[in-house]
Amino acid sequence: MALEYTQMTPIEVTYGAGIEYTIDQLEEGDVVTTDLNDDEVKVDEYGSFHGSVALDSKPAFDSTVDFTVTVKRSGKTIAELPASVKIVEGDRGAQEPGTLLLGEESLTADDIADKGMNMSMIECSAGDWAVFEVFRQQDDASERVARYAQAVEGEDGNFAAVTYMPFEKKESLPGDYTVKAQCGDHKSEETFTVDD
């Protein structure tokens with residue numbers, strides 16, 4: 001699961017769509033709920049599911065909204081996906097077209113093995129595809145460890161989000177990583193570090 005934004009203001013999480021997220025590879029008939037409101041949403045087609053949840057009351061500045069999205073298939077739970085949104089003060093501000101946002105700048109091997117790394121490309125054009133590539137620094141060279149392509153979607157048709165889930169053993173995950181992303185003519189690059 002990937003979040004559209006990992007930092008939001010109190011107003012943003014309580015009005016409109018609220019917190020928006022994407023889950024890949026769901027099937028028609030799957031049921032998605034969050035523990036923030038327990039509303040059930042039935043998936044109407046195979047592929048990526050775009051969901052959202054708005055809070056009933058404004059959270060405090062510098063707090064964190066922790067929640068879990070649950071997916072059920074034929075009445076059985078097939079996934080419980082934890083997520084966190086940091087609440088920031090003021091206006092998050094307009095983003096440049098093709099801005100790449102990462103969930104964390106630094107995390108542990110346990111964190112990334114369990115929850116992965118959220119990656120979002122925002123302010124893209126509807127109908128574009130966003131391509132995400134993850135590279136791990138190896139001595140003086142870098143090795144591509146993952147590549148994703150995701151259609152631009154959302155209520156306004158302007159973002160794509162994926163989650164990098166490493167398949168390597170935890171002990172091989174620490175190091176410096178670079179994420180390169182592109183949607184349309186826009187390119188962006190960010191880095192993150194995995195600690196022991």
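Points to keep in mind about this one:
- Violating pairs (Cα-Cα greater than 31 angstrom) within the set Lys86/Lys187; Lys86/Lys180; Lys86/Lys170; Lys76/Lys170; Lys58/Lys187; Lys76/Lys180: Lys58/Lys187; Lys76/Lys180
- Between Tyr5, Thr34, Ala17, the Cα set farthest toward the positive side of the dipole of the chain (charges on each charged residue's Cβ, about the Cα centre) is that of Thr34.
- Cβ crowding within 10 Å averaged over residues, with 165-172, 188-195 ranked highest first: 188-195, 165-172
- Sorting 125-131, 39-45 by their mean Cβ neighbour count within 10 Å, with the most densely packed peptide first, gives 125-131, 39-45.
- 3J(HN,Hα) from dihedral phi, the range 143-148, Karplus parametrisation 6.51/-1.76/1.60, rounded to Hz, x for glycine, proline: 10, 6, 10, 6, 9, 9
- FRET efficiency, 1/(1 + (r/R0)^6) with R0 25 Å, evaluated for Asp44 and Ser125 via beta carbons: 0.55
- Relative contact order %, the range 2-87, counting alpha carbon pairs below 8 Å whose residues are six or more apart: 33 percent
- The chain - Rg over Rh from alpha carbon coordinates, Kirkwood radius: 0.96
- Cα-centred dipole magnitude for the chain, charges only on beta-carbon of K, R (+1) and D, E (-1), debye, nearest 20: 300 debye
- With a Förster radius of 25 Å applied to the beta-carbon distance between Val31 and Asp66, the computed FRET efficiency rounds to 0.70.
- P(r) tail fraction, the range 2-87 - alpha-carbon pairs more than 14 Å apart, %: 61 percent
- Over the Cα atoms of the range 99-195, the radius of gyration divided by the Kirkwood radius equals 0.99; this is the Rg/Rh ratio.
Values in this text are rule-based calculations from the coordinates and carry no lab data. Everything numeric in this text was worked out from a predicted model, so none of it was measured. Heads up, the Cβs are rebuilt from the backbone with ideal geometry, glycines too, and the neighbour counts pull from every protein chain shown.
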